[in-house]
Amino acid sequence: MTGDLCGPLLTKIEKHTARVGIIGLGYVGLPLARALSSRGFPVLGFDIDPVKISLLHAGKSYIGHIPPEDVRGMLAKGFDATNDFARLDEPDAILICVPTPLTETREPDLTYVVNSAKAIAARLRPGQLVVLESTTYPGTTRQVVQPILEAGGLLAGQDFFLAFSPEREDPGNAGHSAPAIPKVVGGLEEQSQKLAVALYSQVVVRVVPVSSPEVAEACKILENTYRAINIALVNELKVLYDKMGIDVWEVIDAAKTKPFGFQAFYPGPGLGGHCIPIDPFYLTWVARKHGMTMRFIELAGEVNTAMPQYVVGKVADALNERGKAVKKSKITLLGMAYKKDVDDCRESPGFELMELLMHKGAAVQYNDPHIPRLPSMRHYPNLRLESQSLTPEFLRAQDCVLIVTDHSAYVWSEIVPHADLIVDTRNATRSVTKGSERIVRA
């Protein structure tokens, strides 16, 4: 039966007539939908948020690096979006691109993955391909998703096909859009692998087949753990070098002139985004189930999560030198997005910085050209502020301006001269000369 089901789907994929369903139309799912649509595939997007569905139907975008004209182009090519998960029997291939957060105790929260799998299982039909893209611990596809999909009697690798292919997105980086990033693919068995590789080969620059879903899952965790540990290293060095009167940014610039054996990582106010602050802890959780402690990851987590407290300490010291306390000081954060030039504030350290400063009695505001109003965040539901205009009068009224994200839209030479105190966590003001005495590195 496998060959009978695989062959027709493979033909539809190669002819770009296979309908592709994408569950989760966020920062991963929507760019993937755009990439597939641009290659001529009919795409049906699923999301639990009716606001997103309405915006897409109206030809509008809610993601900064996807312009509305791209959405209108997708609609013209047959793209559709729905929150009716009963339509999951319509696609020939279903890609799961939902969040995988952590619980309060830093354990994997697979609620969205499990709910997606259950929704698919309720409508699963023979011959469909299901691919999990959400970052998770090795074993999730086989141990969690497969049993849910098979609960109705259909068998993976025989009646339907199952694979894992980790998302790789770099929001705000035009050179690293979804089609330009190689795609790792691990199928449950040979036919699943063949179909998943065939699908992604129509869309991305290169497909990297691996021997199993577990290898593909472990690959993604390795990528993000590598970054988390190296960022922790430079964050810890930043603290030491500051005590020694050494500029860590100058040290890194000097070190990266070595043409081999060194890759530059940069310190900051804390980790942000949906990957690096979260994914490594999926590995520490599964390691504990195998009787191991991932000491590098745990230590990196301790260092990185301590950065907001370190920055607040630098703000307090800088204000104290000017005869001011944090309490009742007017402090404005520049940049609430987790990285430069994006509108994504998931896990942004800006929220913790804001809350820590408020708890100390500061009057806190923010500016971010990409985020006019702070969304309700799971851990910070009450920080619903609006972005303030950076007029000279506004800047002069602040006791401290804290640089959290170094957006390209900021003209530092026009900001620094009007501020009484700048605390810079990104080395954004390195080229500013006028008013440089007001700048404190953090």
Provide the per residue accessible area, probe 1.4 Å, for the stretch 182-233, rounded to a whole number of square angstrom.
39
For the chain, set up a Gaussian network in which alpha carbons nearer than 10 Å are linked by springs, and say which option among Glu302, Glu355, Glu104 fluctuates the most.
Glu104
Using unit Cβ charges (K, R positive; D, E negative) and no other charged atoms, how large, in debye to the nearest 20, is the dipole of the stretch 1-93 about its Cα centre?
300
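Starting from the stretch 40-74, pick out the trypsin sites (Lys or Arg not before Pro) whose DSSP state is loop and whose Cβ has at most 13 other Cβ atoms within 10 Å.
Details: sites: Lys52, Lys60, Arg72; in loops: Lys60.
Those satisfying the criteria are Lys60.
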Please sort 282-295, 82-95, 20-33, 190-203 by packing, taking for each peptide the average over its residues of neighbouring beta carbons within 10 angstrom, highest first.
20-33, 190-203, 82-95, 282-295
Give me the percent of accessible area attributable to carbon and sulfur for the chain, probe 1.4 angstrom.
53
For Leu353, net neighbour charge (Lys/Arg +1, Asp/Glu -1) across residues whose Cβ lies under 12 Å away:
0
Which whole number of Å³ per residue matches the convex hull of the alpha-carbon atoms in the stretch 183-320?
157
Integer Hz, Karplus 6.51/-1.76/1.60 couplings in order for the stretch 297-309, x for Gly and Pro
5, 4, 5, 4, x, 4, 5, 5, 6, 7, 4, x, 5
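Count charges around Ala409 for me, please; just the other residues with Cβ under 13 Å from its Cβ, Lys/Arg as +1, Asp/Glu as -1. Before the final figure, lay out each step's value.
Values: positive: Lys340; negative: Asp341, Asp343, Asp368, Asp406, Glu414.
Neighbourhood net charge equals -4.
Relative contact order for the chain using alpha-carbon pairs under 8 Å, separation at least 6, rounded to a whole percent? Walk me through the numbers on the way to the answer.
Values: 851 pairs, mean separation 47.1, N = 442.
The normalised contact order for the chain reaches 11 percent.
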Can you list residues whose amide H is under 5 Å from Phe79's amide H, if they're 5+ apart or on another chain and H is modeled 1.01 Å from N?
Val43
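Quick one: in the stretch 1-101, what % of C-alpha pairs are over 18 Å apart?
On the way: 2259 of 5050 pairs.
Percent of Cα pairs beyond 18 Å in the stretch 1-101: 45.
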Please list 375-384, 342-351 highest first by mean number of surrounding beta-carbon atoms within 10 Å per residue.
342-351, 375-384
Any idea how far the Cα center of the stretch 119-161 sits from the one of the stretch 224-249, in Å?
42
Can you give the charge dipole size of the stretch 268-353 about its Cα centre, rounded to the nearest 20 debye, using +1 on the beta carbon of Lys and Arg and -1 on the beta carbon of Asp and Glu?
340
Rounded to the angstrom and largest first, Cα extents along the principal axes for the stretch 363-442 equal 40, 24, 21
If you wrap a convex hull around the alpha carbons of the chain, what volume per residue comes out, as a whole number of Å³?
149
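Report the net charge of residues surrounding Thr225, where surrounding means a beta-carbon distance below 13 angstrom and charges are Lys +1, Arg +1, Asp -1, Glu -1.
Working: positive: Lys220, Arg227, Arg295; negative: Glu217, Glu223, Asp279, Glu298.
That sum, taken over residues with Cβ under 13 Å, equals -1.
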Dividing the convex hull volume of the Cα atoms of the stretch 133-206 by its residue count, what figure in Å³ per residue is obtained?
90
Ignoring everything except DSSP H segments at least 4 long, calculate the 222 nm mean residue ellipticity for the chain; use -39,500 (n - 2.57) per segment, divide by total residues, nearest 500.
-11500 deg cm²/dmol
Quick check of the Kirkwood formula: for the stretch 57-100, what is the inverse mean of 1/r over all pairs of different Cα atoms, in Å?
12.3
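Taking the Cα centre of the chain as the origin, how large is its charge dipole in debye, to the nearest 20, when only Lys and Arg (+1) and Asp and Glu (-1) carry charge on their Cβ atoms? All intermediate terms of the calculation are to be shown ahead of the outcome.
Values: 47 positive and 50 negative charges, 91 e Å.
Using only the charged Cβ atoms, the result is roughly 440 debye.
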Computed label-point distance, nm, for sites Met292 and Glu393 using a 7 Å Cα→Cβ extension
6.1
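Ordered by packing density, taken as the mean number of other Cβ atoms within 10 Å over each peptide's residues, highest first, how do 251-257, 416-422, 75-81 rank?
Details: 251-257: 12.3, 416-422: 20.3, 75-81: 16.6.
Put in order of decreasing packing, that is 416-422, 75-81, 251-257.
The values are calculated or read from the model by the stated rules, or taken from the named source; none is laboratory data. All figures in this text were calculated on a predicted structure; none of them were measured in a lab. No Cβ is skipped: glycine too gets one built from the backbone with ideal geometry, and neighbour counts run over all protein chains shown. Side chains included, ligands, DNA and RNA excluded: accessible areas come from the protein's heavy atoms. Shrake-Rupley method; radii C 1.70, N 1.55, O 1.52, S 1.80 Å.
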